[in-house]
């Protein structure tokens, strides 16, 4: 049975500082992950599992971080690309216990290209190994001081790549030690019920067991909207979330 | 359906955090105005040997400095850059203020006019706080020598009497009042003039015409002389860069002429500097080395009888290793050496040679807040205080 409900979430403002997500153990890959995906939520759930889909309406798009102005350089720096700031992440705040089981590590990548991390936002499950290839001709030095994962890959040149395993759920803010305007987000989940929106804000999360959930919308460093939805067995819920 | 109670914080930024101090440059007008800043608090003990004084009033290891940098993108071809600094003096001063013209927007060729970035040497671009792997500033860019722009020794003995007293020197010709001398290269003040800069493949070049000299950058001209400076940086690989610098300009003030005998011309007071530097980095390791030589030629004061210019040679080697994310250790070894002069009674270096070793560590509390601590040992073969050991700390915040 298929149930389609078009819902529009009210503007709720920014949510409290630390949200919690119920940790689940299944592994899937976000749509933007380049490496071969592991088992998805749909694989692990009964056939009657449902889905949520819809659109994230981002009212005020974030601006790219500018270069730190400096007066000590004798000339302007080389041009760079700007990050794609149109994408957010939609995820379930809590997940069924089965989602915590049978976690299998996956692989993802964030490229360093024209002094920009590509993609700007990556969502993965715990255990995923993230590669950081350097596609520029200059050095980069990827690092993070986030509680979810602290690492420093050091300086490495064009054509080289280093990787980090994301072994704890949370938000990992990634920077370059040499180019302070370079930054990216990695959202590490303990369950597979999340999706990175496309450039139009569209998302879809499959394989959700029937039940009532809170769907959260994350954008530019914060969870900014949420909505309670009831997913019917084998059904689909469609709605729009507005990020003020 | 049972929902497992195991919960994990996602750790998203809080609205409260968003209202705190900025962590990134602030922009206005669709990015046409970009504002960045840095605050540096440096705490150290007394420095009785004045090893870290950048002038008489300020110990560089006891300072609170705030600077705000702005970049105005007026047009595709034109930017205005400025940096205003506030330090212990309580005065807000324009450290840099210049226009950057890019005649061909698609080519890396710039013309800069005003109070412009340093052309000579490598360290001057590393900065005081966040760019410096340690707390102290290298001797060549900070340590005050006895030589002054407004006073001259009448005899070699006058020069030798001031060995190790650059923090407050005095000479009988010109301004006889005690005052701070000059460093080899002044990194706390920028020069004023015109600069051209270009990048072609692995080669970056810079040339400048300014009103001051390496030791004594000026906003307004005080001697009718112009300094010519140039620098070439070659990067054959991302891991290594070689720099070559040169500069030549008058450093004595015009007012000094009245104190000189006939035949001695203040225009002969010229500082000439050359430097070679190298930077190498791989993985978590970064090393820099720089050797520079500066020569000050003096007017022909009959009683001084100097056949050669006074020269100073500086050698700096520094390195940093990142132990863990956000934690580094660093060290710097340096030496300042000087040419010898002879008086009827003695022969010695005209300034007292100085050696310094500095070891330190830094911890980034968050990306843009860093705490640094360093231990510094200074040795000088002259002056009232011959050696000094200093432990200093520094807190740096930038956005």
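A short reminder: the numbers here are calculations on the coordinates, not readings from a lab. This is a predicted model, so every value here is computed, not measured. Here the Cβ positions follow ideal geometry from the backbone for every residue, glycine too, while neighbour counts run over all protein chains shown.
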**Message:** Between B:172, B:344, B:48, where does the largest GNM mean-square fluctuation fall for chain B, given springs only between Cα atoms within less than 10 Å?
**Reply:** B:344
**Request:** For every helix of n ≥ 4 consecutive DSSP H residues, a contribution of -39,500 (n - 2.57) applies; sum these over the protein assembly as shown, divide by its total residues, and give [θ] at 222 nm rounded to the nearest 500 deg cm²/dmol.
**Result:** -500 deg cm²/dmol
**Message:** I need two numbers for region B:182-317: Rg to one decimal and Dmax as a whole number, Cα atoms only, in Å.
**Reply:** 17.5, 61
**Request:** For chain B, calculate the relative contact order in percent as a whole number, restricting contacts to Cα pairs under 8 Å that are 6 or more residues apart.
**Result:** 14 percent
**Request:** Just subtract the alpha-carbon distance of residue B:389 and residue B:274 from 0.36 nm times their residue separation and send over the number in nm, one decimal.
**Result:** 38.3 nm
**Message:** Neighbour counts of other C-beta atoms within 10 Å: give me B:397, B:143 arranged from fewest to most.
**Reply:** B:397, B:143
**Prompt:** So how far apart, in nm, are the two label points at residue A:212 and residue B:43 if each is 7 Å from Cα heading toward Cβ?
**Reply:** 5.5 nm
**Prompt:** What is the Rg over Rh value, at two decimals, for region B:317-399, using alpha-carbon atoms and the Kirkwood definition of Rh?
**Reply:** 1.19
**Asked** What FRET efficiency do you get for residue B:373 and residue A:113 if R0 is 51 Å and r is their Cβ-Cβ distance, rounded to the nearest 0.05?
**Response** 0.85
**Item:** Selected from B:326, B:121, B:44 as most flexible by GNM, with chain B as the system and alpha-carbon contacts under 10 Å
**Value:** B:326
**Request:** Kindly put B:398, B:363, B:324 in sequence by how many other C-beta atoms sit within 10 Å of each C-beta, fewest to most.
**Result:** B:324, B:363, B:398
**Request:** Would you kindly state how much longer the chain becomes between residue B:300 and residue B:176 on full extension, computed as 0.36 nm times their sequence separation minus their alpha carbon distance, in nm to one decimal?
**Result:** 42.8 nm
**Request:** Note down the relative contact order for region B:241-355 as a percent, whole number, built from C-alpha pairs under 8 angstrom at least six residues apart.
**Result:** 19 percent
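Arranged by the count of other C-beta atoms within 10 angstrom, fewest first, what order do A:205, B:43 take?
B:43, A:205
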**Contact order normalised by residue count of region B:271-321, Cα under 8 Å, 6+ apart, percent** = 40 percent
**Asked** How crowded by other chains is A:137-150, given as the mean number of beta carbons from other chains within 10 Å of each beta carbon?
**Response** 3
**Request:** Over all alpha-carbon pairs of the protein assembly as shown, lay out the pair-distance distribution in 10 Å bins, whole %, shortest bin first.
**Result:** 3, 14, 22, 21, 15, 11, 7, 4, 2, 1, 0
**Per-bin percent of Cα-Cα distances, chain B [10 Å]** = 5, 20, 30, 26, 12, 4, 2, 1, 0, 0, 0
**Prompt:** Which one of B:87, B:337, B:46 has the biggest mean-square fluctuation once chain B is modelled by GNM with Cα springs under 10 Å?
**Reply:** B:46
**Prompt:** Rounded to two decimals, what is Rg over Rh for region B:309-351 when you use alpha-carbon atoms and the Kirkwood radius?
**Reply:** 1.37
**Asked** How many Cβ atoms of partner chains, on average, are near each residue of A:168-174 if near means within 10 Å of its Cβ?
**Response** 3
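What FRET efficiency would be calculated for the residue pair residue A:158, residue A:204, taking the C-beta separation as r and a Förster radius of 45 Å, to the nearest 0.05? Don't jump to the answer; show the numbers that get you there.
Details: r = 36 Å, r/R0 = 0.81.
The value I calculate is 0.80.
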**Message:** If I stretch the segment between residue B:161 and residue B:203 completely, what's the gain in nm (0.36 nm per residue apart, minus their alpha carbon distance), one decimal?
**Reply:** 10.6 nm
**Prompt:** Taking the Cα atoms of region B:148-247, what is the range of coordinates along each of the three principal axes, in descending order and whole Å?
**Reply:** 52, 29, 21
**Average beta-carbon neighbours from other chains, 10 Å sphere, peptide A:59-68** = 4
